[in-house]
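Structure record follows, encoded as structure tokens.
The values are calculated or read from the model by the stated rules, or taken from the named source; none is laboratory data. Just so you know, these numbers come straight off a predicted model, no measurement behind them. Cβ placement follows ideal geometry from the backbone for every residue including glycine, while neighbour counts extend to all protein chains displayed.
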Amino acid sequence: MIKDRMTKLRAELKIKEVDGILISQPENRFYLSGFNGSDGYLLITAKDSIIATDFRYIEQVKRQSPDFTLFRVDGRMSEWFPKLVSGLGIRRLGFESGAITFAQHQQISEIITTQKLQMELIPLTGVVENLRAVKEPEEITLISKAAEIGDRAFDYVIDRLKVGTSEKKIAWELEKYMREDGSQSLPFEIIVGAGPNGALPHAQPSEHSIAKGEPIVIDMGASLGGYSSDLTRTICLGKPDTTFVKIYSIVQKAQETAINGIQSGMSAVQADGLARNIIKDAGYGEMYGHGLGHSVGLATHDTTPRLSPLSNDVLTNSMVFTIEPGIYLPDWGGVRIEDLAMLENGKVKLLSHAKKMTI
């Protein structure tokens with residue numbers, strides 16, 4: 001896999017007319033090399049594949065990335081960077097403009113100037129992320145297994161949920177189950193928002209105790225082999241009131257319309273509109289303030305694709321993304337239903353299957 005990814009990357013570098021690229025974004029670094037240490041750089045040219053890192057990760061690189069040249073980082077960047085690039089014939093060096101801070105760019109620029117390196121820094125956007133957007137079969141397998149862990153955790157915990165349980169307790173029981181079921185560290189903090197707290201799309205679990213009949217929004221994910229899942233369900237304990245039934249039915253219809261209507265070759269804007277128009281026509285467009293979905297992979301919110309009115313992405317087979325419309329009413333709560341999906345043979349295939357409410 002890594003060899004094929006590097007071949008694709010080098011083809012992109014040729015198109016961008018750069019002699020090499022400096023990779024610092026953690027997920028991109030892992031995707032291209034298999035090295036998942038928290039610090040280090042990849043330097044990729046037409047012929048060279050180098051990992052530059054410090055003493056802490058030397059043995060880890062040897063184990064995880066045996067086909068890469070190891071460059072040990074010692075001292076200040078001004079001391080080791082010129083040695084790293086020496087003799088590689090790099091005149092135009094690409095860098096990840098979305099991953100390097102302004103201060104880091106200034107530092108490298110100053111090194112190039114003071115050391116009189118015949119090199120120009122070229123900002124690049126989305127070069128590796130665009131490769132990551134279309135998932136390989138092995139990646140889809142890991143994402144699917146992570147989704148299965150989330151499904152099992154949700155169904156187990158919700159079947160045992162009682163009135164009076166706190167949001168924090170629910171979050172902990174879900175996390176505990178997923179970790180014991182094989183999940184690595186969770187890709188994001190579990191969201192549990194009950195009653196009015198559910199009107200906050202990213203509500204943090206509190207000591208609020210669950211009351212009968214109120215909406216409970218639960219957003220959770222597991223991680224396996226570095227790949228994430230993402231799942232949201234909205235439930236209530238006891239008989240839902242008329243507002244819950246109305247709002248849930250609209251969101252459910254919006255999601256089902258998107259699931260049935262999204263196709264390969266469709267723009268992300270069109271996909272978003274399938275669900276958004278349902279909610280807008282029902283009179284709640286102003287209460288749906290986020291996009292329909294986002295890519296999921298090595299990051300819970302991967303860069304491409306974004307299903308949003310602001311997106312320029314086009315959906316293709318083997319992309320993995322969420323479908324998660326929602327409505328949020330201040331002082332009452334919210335409803336969001338989110339499933340993890342992929343495009344297969346031009347149509348949506350769901351990867352998550354946790355229980356949903358029947359209204």
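Here is how the numbers come out for the structure above:
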{"read-out": "Conditions (1) exposed (fewer than 15 other Cβ atoms within 10 Å of the Cβ); (2) in the same structural domain as Ala199 (by TED's automatic domain parsing); (3) in contact with a helix residue (DSSP H, G or I) (Cβ under 9 Å, 6 or more places away or on another chain): number failed by Asn345", "value": "(3)"}
{"read-out": "Count of region 279-293 residues which are buried (at least 18 other Cβ atoms within 10 Å of the Cβ) and among the small types (Gly, Ala, Ser)", "value": "3"}
{"read-out": "Residue count, region 286-345 (criterion: in a loop (DSSP other than H, G, I, E, B) and either in contact with a His (Cβ under 6 Å, 6 or more places away or on another chain) or closer than 15 Å to Gln263 by Cα (or both))", "value": "8"}
{"read-out": "Evaluation of Arg76 against (1) in contact (Cβ under 8 Å) with a residue 24 or more places away in the chain; (2) within 18 Å of Ile111 (Cα to Cα); (3) charged (D, E, K, R) (one fails), failing number", "value": "(1)"}
{"read-out": "Among (1) at pLDDT 95 or above; (2) part of a loop (DSSP other than H, G, I, E, B); (3) in contact with a Phe, Trp or Tyr (Cβ under 6 Å, 6 or more places away or on another chain), the one test that Leu84 misses", "value": "(2)"}
{"read-out": "Among residues of region 224-240, those that are touching a Leu at 6+ places or on another chain (Cβ under 9 Å) and buried (at least 24 other Cβ atoms within 10 Å of the Cβ), counted", "value": "5"}
{"read-out": "Residue within region 16-39 that is more than 24 Å from the chain's Cα centre (by Cα) and assigned to a helix (DSSP H, G or I) present", "value": "yes"}
{"read-out": "Unmet criterion (only one of (1) closer than 20 Å to Gly221 by Cα; (2) assigned to a helix (DSSP H, G or I); (3) under 22 Å from the mean Cα position of the chain (by Cα)) for Tyr156", "value": "(3)"}
{"read-out": "Members of region 213-241 that are of a type outside the set (D, E, K, R) and not in a loop (DSSP other than H, G, I, E, B)", "value": "Ile216, Val217, Ile218, Met220, Ser223, Leu224, Tyr227, Ser228, Leu231, Thr232, Thr234, Ile235"}
{"read-out": "Of the criteria (1) surrounded by fewer than 22 Cβ atoms within 10 Å (Cβ to Cβ); (2) touching a residue at least 40 places away in the same chain (Cβ under 8 Å), which one Ile323 fails", "value": "(1)"}
{"read-out": "Hits in region 58-77 (condition: touching a helix residue (DSSP H, G or I) at 6+ places or on another chain (Cβ under 9 Å) and either over 17 Å from Arg10 (Cβ atoms) or of a type in the set (Ser, Thr, Tyr) (or both))", "value": "Val61, Gln64, Ser65, Leu70, Phe71, Arg72, Val73, Asp74, Met77"}
